[in-house]
Amino acid sequence: MLHDRISAARGCLQKTGADLLLVTNLSNIRYLTGFTGSEALLVVSPSEAWFLTDSRYTSQAGAEVKGAQVVEFSVRLESLAQVIKDAGAAKAAFEAGHLTVQTYQEIRQKLPGVEFIEADAEMVSLRTVKDAQELEILEKAAVIASESLLEVVAGIKPGMVESEVAWALEKVMRSRGADGKSFDFIIASGERGALPHGKASGKTIQAGELITFDYGIVYQGYCSDETVTVALGEPDGKQREVYETVREAQRLAIEAARPGMAFNELDAIAREYIGSKGYGQYFGHGLGHGVGIDIHEHPTVSPRSTHTIREGMVFTVEPGIYIPGWGGVRIEDTVVMESGGSRRLTKVPKELIVLKP
Ligand code: GLY
Ligand code: MN
Ligand code: MN
């Protein structure tokens, strides 16, 4: 399977007219070779591939890397330049979005005869459609995270501190098999709910508040992403109205998603619904994003998206309403696009959960 992935990456050579591909983004290197360490470069020619790493990772690379010859370097860019020279490349495709200006300039100085061609769009699209093995891991990650959240939420009481709840959630996730967090958890209670990315703080949670939890784990190299907003005590009329507006917007988008539909059209379904209820100005961010090895990856789901939904894509649907001085609601599921419609990988039911204070 990994061998097929390097073959697929060779498609970038044809698309860009390059005779060599330089991969510097570690997530792409992991995807293409199976390497899980933190230092690597990958060079792919039409018939060969070289995986460059330092002595800390030579043994690990020998065990993990498939489809590429492992080269140990002591001076990273010198070794890279030598591999590219030996390959006799005239045009090298590279990921401009993952190389610093400094590194790019250094590489160009070492390889004055080589033309460099940006291949970000081609590289990014390699990972957007997930295979069966990836989907299995993504679903397992989502299940661990959802079950952990339900366990922790059941014990929430007034007086608890957001950051303590975040730590409790992390411990439960770890005990259920998570390798780590996919980002710092967002736990935003009461007025802090108006912060779309309000990281868990020292604020005390109080009865009568809505609490937004946005959380995810890393499991076997893949991320999960889900947001649940709960009420601690019976919600008042406005809390219920805002919640149901977001929920219906999310439901409409999840149900409408079909292969062949434009992502900006999907975004518009949720956005127009929220607008029709008078809350349009309070929903500023895009509807979602791809999820995989990275927590945020191609494609984006927003009014500016230019891509089309395809079967096997995994992306989030996460509308929100954020009202300064009042609070907010976000509801997020990660879904996989199947031929007949989208299927939720994240499992927490999205009817409003009302906790006894
Ligand atoms: N966890 C950030 C997001 O939902 O995109
Ligand atoms: Mn999220
Ligand atoms: Mn998300």
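The values are calculated or read from the model by the stated rules, or taken from the named source; none is laboratory data. Keep in mind the model is a prediction, meaning the values are calculated, not measured. Neighbour counts are summed over all protein chains in view; Cβ atoms, including those assigned to glycine, are modelled from backbone coordinates with ideal geometry. When the accessible area is computed, the model is the full protein with side chains, heavy atoms only, and any ligands, DNA or RNA have been set aside. Shrake-Rupley method; radii C 1.70, N 1.55, O 1.52, S 1.80 Å.
When the residues of the range 334-357 are filtered to those that are part of a strand (DSSP E or B) and without any contact (Cβ under 8 Å) to a residue 60 or more places away in the chain, which remaining residue is nearest to ligand 1 (Cβ to nearest atom)? Applying the filter and picking the extreme gives Arg343. Quick check: is even one residue across the range 145-163 more than 12 Å from ligand 1 (Cβ to nearest atom), at positive phi and touching a helix residue (DSSP H, G or I) at 6+ places or on another chain (Cβ under 8 Å)? No: the range 145-163 contains no residue that is more than 12 Å from ligand 1 (Cβ to nearest atom), at positive phi and touching a helix residue (DSSP H, G or I) at 6+ places or on another chain (Cβ under 8 Å).
Restricting to the range 178-195, what's the tally of residues that are within 19 Å of the chain's Cα centre (by Cα) and either crowded, with 18+ Cβ neighbours inside 10 Å or among the small types (Gly, Ala, Ser) (or both)?
Initial filter on the range 178-195 (within 19 Å of the chain's Cα centre (by Cα)): 178-187.
Now narrow it down to the ones that are either crowded, with 18+ Cβ neighbours inside 10 Å or among the small types (Gly, Ala, Ser) (or both): 178, 180-182, 185-187.
Counting residues in the range 178-195 that are within 19 Å of the chain's Cα centre (by Cα) and either crowded, with 18+ Cβ neighbours inside 10 Å or among the small types (Gly, Ala, Ser) (or both) gives 7.
Figure legend. Inter-residue proximity from the range 259-280: first residues on the phi > 0 side of the Ramachandran plot, second residues open to solvent by less than 50 Å² (accessible area, probe 1.4 Å) and not basic (Lys, Arg), beta-carbon distance below 7 Å, spacing 6+ or different chains. Indicated pairs: Gly260/Ile309. For Pro303, the conditions (1) in a loop (DSSP other than H, G, I, E, B); (2) within 14 Å of ligand 3 (Cβ to nearest atom) all hold with the exception of (2).
Applying the condition of being open to solvent by 60 Å² or more (accessible area, probe 1.4 Å) and within 16 Å of ligand 2 (Cβ to nearest atom) to the range 196-207 and asking which residue is farthest from Thr316 (Cα to Cα) yields Lys199.
Among the residues of the range 289-298, are any free of Cβ contacts under 8 Å to residues at least 40 places away in the same chain, open to solvent by less than 20 Å² (accessible area, probe 1.4 Å) and either away from ligand 3 (no atom under 11 Å from the Cβ) or in a loop (DSSP other than H, G, I, E, B) (or both)? No, the range 289-298 contains no residue that is free of Cβ contacts under 8 Å to residues at least 40 places away in the same chain, open to solvent by less than 20 Å² (accessible area, probe 1.4 Å) and either away from ligand 3 (no atom under 11 Å from the Cβ) or in a loop (DSSP other than H, G, I, E, B) (or both). Can you name the residue in the range 208-248 that is small (Gly, Ala, Ser) and farther than 17 Å from Lys277 by Cβ and is also surrounded by the fewest Cβ atoms within 10 Å (Cβ to Cβ) among such residues? If we take residues in the range 208-248 being small (Gly, Ala, Ser) and farther than 17 Å from Lys277 by Cβ, then Gly208 is surrounded by the fewest Cβ atoms within 10 Å (Cβ to Cβ). Taking the criterion of being in contact (Cβ under 8 Å) with a residue 40 or more places away in the chain, under 28 Å from the mean Cα position of the chain (by Cα) and part of a loop (DSSP other than H, G, I, E, B), the residues of the range 78-134 that qualify are Glu95, Leu99, Ala119, Arg127, Thr128, Lys130, Asp131.
Say we look at the range 204-227 and pick out the residues that are among the aliphatic types (A, V, I, L, M) and part of a loop (DSSP other than H, G, I, E, B); which of these is nearest to ligand 1 (Cβ to nearest atom)?
Ile205
For Ile309, the requirement of being more than 12 Å from ligand 3 (Cβ to nearest atom), open to solvent by less than 10 Å² (accessible area, probe 1.4 Å) and either among the basic types (Lys, Arg) or under 19 Å from Gly290 (Cβ atoms) (or both) is met. If we scan the range 317-333, do we find a residue that is assigned to a loop (DSSP other than H, G, I, E, B), aliphatic (A, V, I, L, M) and within 16 Å of ligand 2 (Cβ to nearest atom)? Yes, the conditions are met somewhere in the range 317-333.
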